[in-house]
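Only one structure is covered here, and it is reproduced in the block below.
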Amino acid sequence: ISLFCLALGSLWGGMAGSGLELMLSRGLESFGFIGVAVSSPRMIVGAVLDRDRDLAFGIWGAYVPAGMAIAIALAPALMPMIGWRGVWLLNAGLAAGMAVIVTLATRPARWQPPTGHAAIGAIEGLRRVASAKGPWLLALTFGVYSIQFLAVMSWLPSYLIDEMGLPPTDAALATALVVAANIIGNVAAGALLARGAGRAPLLIAAFAGMAFCGIGIFGDWLPVEGRIAAAFLFSAIGGMIPGGLLAGTAVHAPSPMLIGVVNGLMMQGSNMGSLTGPPIMALIVSYAGGWHGAIWHSALACMIGVAAALALARTEKQKGA
């Protein structure tokens with residue numbers, strides 16, 4: 001249903017006749033996006049062995065940077081041929097095709113709840129998740145990660161063009177490569193967790209690495225190549241955070257039946273960070289009088305992230321996880 005909502009939203013957007021229609025179509029697409037993002041982890045838990053769960057979640061966590069990188073890289077090349085409407089219609093076809101594939105792939109063996117876990121009512125499920133500390137910490141940690149990651153990725157093309165003097169095409173390609181680097185961190189986090197690495201040390205190291213790379217990106221002592229390299233590392237190291245957090249949904253869910261609810265809360269934290277991150281960075285940069293102010297944006301978010309990761313570690317220790 002969510003994939004078909006994505007398809008219908010893209011189809012509507014590609015045929016929109018006004019700005020209002022365009023925005024409404026994006027709302028329908030957003031509904032579909034959240035549905036896919038929230039429901040998929042529970043399917044993953046039911047589809048893989050316990051020993052492979054962390055790696056599977058690390059791979060799953062790469063869906064955002066992978067999609068963003070493909071879109072950033074291909075859209076400028078496609079638009080001269082098919083226009084922006086053609087790009088939206090192509091997206092509609094991709095989403096509809098994936099809906100058919102998922103339907104066929106899951107039909108032979110539909111996901112079943114783990115043995116011994118009865119179904120839980122919606123209100124009771126919300127109450128149990130809301131009263132647990134772990135899901136809120138997951139949401140907070142994902143939120144402060146998104147505040148800086150989406151802000152840097154959103155403003156990076158403007159920064160490279162206005163501050164570094166890159167042509168728009170080169171800036172778009174560099175941004176696509178930087179976003180794609182996030183995939184490395186997601187998969188690496190899953191592999192490390194599967195080999196027994198602790199979630200909190202992984203998160204703390206990733207936040208510290210992002211703060212350090214933020215200094216390299218927005219400081220004034222590196223050439224443009226060095227700043228792009230710092231942005232690449234910022235994205236790659238930061239990718240360990242969503243990979244580590246997504247694997248934590250099964251740990252902090254009060255019941256395996258509530259993984260979807262926990263993931264929904266965590267995605268809400270991520271979306272709030274994505275919404276507020278770019279304007280907060282713009283405000284700080286404007287107040288500081290230059291891009292160097294973005295260093296403080298990243299540093300503050302990382303400090304909160306480290307504190308949240310330490311609290312998450314204490315919660316997992318109490319649970320014996």
Condition check for W12: under 16 Å from the mean Cα position of the chain (by Cα) and of a type in the set (F, W, Y): no
Of the conditions (1) farther than 20 Å from V152 by Cβ; (2) surrounded by fewer than 21 Cβ atoms within 10 Å (Cβ to Cβ), L177 fails just one. Which one is it? (1)
What number of residues within region 217-269 are among the β-branched types (V, I, T), under 16 Å from the mean Cα position of the chain (by Cα) and open to solvent by less than 20 Å² (accessible area, probe 1.4 Å)? 3
I183 meets each of (1) over 20 Å from P76 (Cβ atoms); (2) surrounded by fewer than 22 Cβ atoms within 10 Å (Cβ to Cβ); (3) of a type outside the set (F, W, Y); (4) within 13 Å of the chain's Cα centre (by Cα) with one exception, condition (2)
M153 fails exactly one of the following numbered conditions: (1) farther than 16 Å from G214 by Cβ; (2) modelled with pLDDT under 90. What is the number of that condition? (1)
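The values are calculated or read from the model by the stated rules, or taken from the named source; none is laboratory data. Given the structure is predicted, the values throughout are model-derived calculations rather than measurements. Neighbour counts run over all protein chains shown; Cβ positions are idealised from the backbone, glycine included. Each accessible area value is taken on the protein alone, full model and side chains, heavy atoms only, with ligands, DNA and RNA left out. Shrake-Rupley method; radii C 1.70, N 1.55, O 1.52, S 1.80 Å.
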